[in-house]
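Take a look at the structure set out below.
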Amino acid sequence: MTTAYTDLDTTTAAAEVYPPQEDSHLLIDVLVDAGLAPGARVADLCTGSGVVAVAAAKAGAAQVDAFEICPTAVAHARSNASAAGVDVTVHRGSWARAVEFAPFDVVVANPPYVPQAPVDDTAVIPGEAGPAQAWNAGVDGRLILDPMCAAAPLLLADGGSMLIVHSECSDVTRTLTALRGHGMNAEVVAQQMIPFGPVMTARAAWLMREGLLAPGCELERLVVVRADAP
Ligand SMILES: C[S@@+](CC[C@H](N)C(=O)[O-])C[C@H]1O[C@@H](n2cnc3c(N)ncnc32)[C@H](O)[C@@H]1O
């Protein structure tokens, strides 16, 4: 797999902007290697720093719309696109607003997907993990994944493709089942084992107790699910 990272200077990102991490880069690699971007109308649903949106634009997308709820991240995504010399329209607001601008040929998303323990552990998670709203996704990690899967038919043009990256801890089978239930052809097209980051380290014991992570496991499996509209 080739690696096609952008030149974003993440050291300038404020603590409230998710720094591009393994999940960001895995999603970019799949987008670029699949050749989905050239000429496409692309939506990046939870853009953060804009790293995926910028990569899509650099890979030849005809149009890129990015969506983000955090105002600081919106500012960073805009300035990172400008610094990269590419055209990305960054909308401030929920990813769900993308429906207003649909249909898209390609939809990419690295949403919050980490299951959230009932006891708030945010204080013990180092700032390098980025802001809590970038990863916390409810007790099963599906707070955004479920509505996003349900919205796929509303977002995609005929023959369009959606790429979603998330962890094994947030139930890959459920993502596949949901997307197929909404009429998509869906499969896992990439995966990567990574060492626990700060959030997983803080939550591993709880995730194992809940059966969301295999006992004794020391690595997390990231997957990219691709869903193709008929
Ligand atoms: C895991 S980060 C991914 C950032 C970037 N796409 C990347 O891959 O590095 C998730 C991002 O989603 C944003 N976010 C959380 N809830 C959202 C929502 N309902 N709508 C849009 N963005 C949201 C967070 O602020 C955060 O920037």
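Selection of the range 147-182 for residues being small (G, A, S) and open to solvent by 20 Å² or more (accessible area, probe 1.4 Å) yields A150, G159, A178, G181. Restricted to helices (runs of 4 or more DSSP H) entirely inside the range 1-108, those with at least 3 residues that are at pLDDT 95 or above, within 12 Å of the ligand (Cβ to nearest atom) and in contact with a Phe, Trp or Tyr (Cβ under 9 Å, 6 or more places away or on another chain) are 22-33. I'd like to know if the range 166-175 contains one or more residues that are in contact with a helix residue (DSSP H, G or I) (Cβ under 7 Å, 6 or more places away or on another chain), of a type outside the set (G, A, S) and assigned to a strand (DSSP E or B). Within the range 166-175, one or more residues are in contact with a helix residue (DSSP H, G or I) (Cβ under 7 Å, 6 or more places away or on another chain), of a type outside the set (G, A, S) and assigned to a strand (DSSP E or B).
Listed here are the residues, each with its yes/no results for (1) closer than 26 Å to F101 by Cβ; (2) more than 13 Å from the chain's Cα centre (by Cα).
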| position | (1), (2) |
| --- | --- |
| D140 | no, yes |
| A152 | yes, yes |
| G159 | yes, yes |
| M162 | yes, no |
| C169 | no, yes |
| R174 | no, yes |
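Within the range 42-53, residues that are touching a residue at least 12 places away in the same chain (Cβ under 8 Å) and closer than 13 Å to A102 by Cβ reach partners that are assigned to a helix (DSSP H, G or I) and open to solvent by less than 10 Å² (accessible area, probe 1.4 Å) with beta carbons closer than 7 Å, at six or more positions or on different chains, in the pairs V42/A56; A43/A98; A43/L155; L45/A98; L45/M148.
Specify which of the listed residues (P230, P198, P126) is open to solvent by 10 Å² or more (accessible area, probe 1.4 Å), farther than 27 Å from V107 by Cα and away from the ligand (no atom under 14 Å from the Cβ). Within the list P230, P198, P126, the selection yields P126.
Against the criterion of being closer than 19 Å to A15 by Cα and assigned to a loop (DSSP other than H, G, I, E, B), P111 qualifies.
Of all the residues in the range 183-195, those that are within 26 Å of G130 (Cβ to Cβ) and either in contact with a Lys or Arg (Cβ under 9 Å, 6 or more places away or on another chain) or crowded, with 20+ Cβ neighbours inside 10 Å (or both) number 7. Within the range 77-97, residues that are more than 26 Å from I144 (Cα to Cα) sit with their Cβ atoms under 8 Å from residues that are part of a helix (DSSP H, G or I) and open to solvent by 70 Å² or more (accessible area, probe 1.4 Å), at 6+ positions apart or across chains, in these pairs: A84/K58; V86/K58.
The values are calculated or read from the model by the stated rules, or taken from the named source; none is laboratory data. Since this is a predicted model, take the numbers as computed values, not measurements. Here the Cβ is made from the backbone with ideal geometry for all residues, glycine too, and neighbour counts use every protein chain on show. SASA here: full protein model, heavy atoms, side chains in, ligands and nucleic acids out. Shrake-Rupley method; radii C 1.70, N 1.55, O 1.52, S 1.80 Å.
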